Amino acid sequence: MNVFKQLYVSLYSPKDIATFRYQGLGKTIFFVFVLSLLSILPASYYFSMMIKDSIYAVKQTVSTEIPAFEIKDGKLTTESDEPIIIHKEGFTIFMDDSGVLTPSKVANQTTNGLAFLQSEFVVVSAGSAQSSPYTFIEGNNETISSWLDKADSLLWMFLSIMIFIFYIIAAVILFIKITIFSIFGLVLKNAFQKPLRYKQIWTITAYCVTLPTIFFTIMDLFQATVPFSMSLNWFIIFILLFLTLKEIPHEQEQQT
């Protein structure tokens, strides 16, 4: 059975999952990597679109809408006496050299945005703010606009690196999740008196995480919020693992 057929039957059939316990560990690991790749596709798409739209919005704003400013010796100075806040489509740009705005205040006012503050710039993505000093940024409107043009041309490289990082993180998390539930599997295996080695339990656990992983990937695709998502995720895995172990015959039944 190929990987994608295994993925399909793992969505609904504990009986089929139970038969996978005899396959090689290498094929199971490959399956986990494929599942990890599928799980990051929606987030990678929305992240790429957000970054692309953000660079375009910032470039247009810096060139035409923001009053003259300059970044020099790690400090921002502007011709405005009060903070500037410009709202774009799903994106907000802040500029403040007074020190009134802070990274936390910026994050409280937008889900996605960019802020040029007194001594740092802040990137807000999905409500989380990351700040950095003006160590490598210096210049005025024209200089920053030119820098953004160069950033736009290198965007594909930046996105490739970020998506690869997302993929590695997703795979590590999935492997950890499988390992944790394999420990639960050992407890259930002993309770049910099933003739299984740890490698076999790890293998079937890898397929038991398929249903919740695909479900939450679809929810991410539609940007839908699922209440108690972590509890629901772990509950589904536990139930599938329980049902799969029930499908495995006892040692006496295998010998008859």
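The values are calculated or read from the model by the stated rules, or taken from the named source; none is laboratory data. Please read all numbers here as calculations on a predicted model, not as lab measurements. Here the Cβ is made from the backbone with ideal geometry for all residues, glycine too, and neighbour counts use every protein chain on show. When the accessible area is computed, the model is the full protein with side chains, heavy atoms only, and any ligands, DNA or RNA have been set aside. Shrake-Rupley method; radii C 1.70, N 1.55, O 1.52, S 1.80 Å.
To the nearest 10 degrees, how steeply does helix 155-192 sit against the main Cα axis of the chain, on a 0 to 90 scale? That works out to roughly 30 degrees.
Across the chain, the mean sequence separation of Cα contacts (distance under 8 Å, 6 or more residues apart), normalised by length, yields a relative contact order of 25 percent. When the helices of the chain are scored as -39500 (n - 2.57) per DSSP H run of n ≥ 4 and the total is divided over every residue, the value at 222 nm lands at -20500 deg cm²/dmol. Looking at segment 148-203, which trypsin sites (Lys or Arg not before Pro) are DSSP coil and have at most 14 other C-beta atoms within 10 Å of their C-beta? Qualifying residues, ordered by number: R197. Note down the accessible area of E247, probe 1.4 Å, to the nearest 10 Å². Number for this one is 90 Å². Each Lys and Arg contributes +1 and each Asp and Glu -1, all at the Cβ; summed about the Cα centre of the chain, the dipole is approximately 1900 debye. Shown for segment 126-250: the carbon plus sulfur share of the solvent-accessible area, taken with all protein chains present and a 1.4 angstrom probe, equals 71%.
The angle separating the long axis of helix 229-247 from the principal Cα axis of greatest extent in the chain is about 20 degrees. Ordering I84, V106, Q130 by Cα displacement along the dipole of segment 75-137 toward the positive end leaves Q130 in first place; charges were set at the Cβ atoms of Lys, Arg (+1) and Asp, Glu (-1).
In terms of distances greater than 21 angstrom between alpha carbons, the cross-link table entries K52/K88; K75/K150; K15/K194; K59/K88 yield K75/K150. Scan around A129 for amide H atoms under 5 Å from its own, H built in the peptide plane at 1.01 Å from N, and keep only partners 5 or more places away or cross-chain. Those qualifying (amide H under 5 Å, at least 5 residues apart or on another chain) number zero.
The structure shown yields percent of Cα pairs over 27 Å apart, and of the options (1) 51; (2) 34; (3) 39 that calculated value carries the label (1). Here the 3J(HN,Hα) profile of segment 82-97, calculated from phi with Karplus coefficients 6.51, -1.76 and 1.60 at θ = phi - 60°, is 9, x, 9, 10, 10, 9, 9, 5, x, 8, 10, 10, 10, 9, 8, 9 Hz, Gly and Pro shown as x. Charging the Cβ of each Asp and Glu at -1 and of each Lys and Arg at +1, and nothing else, the dipole of segment 75-137 about its Cα centre rounds to 240 debye. Could you state the angle between the C-alpha long axis of helix 25-64 and the longest principal axis of the C-alpha atoms of the chain, as a value from 0 to 90 degrees rounded to the nearest 10? With both axes taken from Cα atoms, the answer is about 10 degrees.
Near the amide H of F121, within less than 5 Å, lie the amide hydrogens of S132, Y134, all on another chain or at least 5 residues away, with H placed in the peptide plane.
Across the options I180, N140, I161, the greatest Cα extent toward the positive end of the charge dipole of segment 130-207 (unit charges at beta carbon of Lys, Arg, Asp, Glu) belongs to I180. Length gained on full extension, A224 to Q130, computed as 0.36 nm times the residue gap minus the Cα-Cα distance: 31.4 nm. Tell me which of I66, A43, M219 sits at the most positive position along the dipole axis of the chain, charges placed on C-beta atoms (Lys, Arg +1; Asp, Glu -1). The Cα lying farthest towards the positive end belongs to M219. Relative protection proxy for 205-211, 54-60, from highest mean packing down: 205-211, 54-60 (other beta-carbon atoms within 10 angstrom).
A simple charge model with +1 on the Cβ of Lys and Arg, -1 on the Cβ of Asp and Glu and nothing else charged puts the dipole of segment 1-98 at about 1240 debye relative to its Cα centre. Averaged over residues, the count of other Cβ atoms within 10 Å places the peptides 18-28, 156-166 in the sequence 18-28, 156-166, highest first.
Taken per residue, the accessible surface of the chain reaches 56 Å², heavy atoms only and a 1.4 Å probe. Mean sequence separation of contacting Cα pairs (under 8 Å, at least six apart), scaled by the length of segment 75-137, corresponds to a relative contact order of 28 percent. Could you state the number of Å between the C-alpha centres of segment 13-90 and segment 118-134? Result: 14 Å between the Cα centres.
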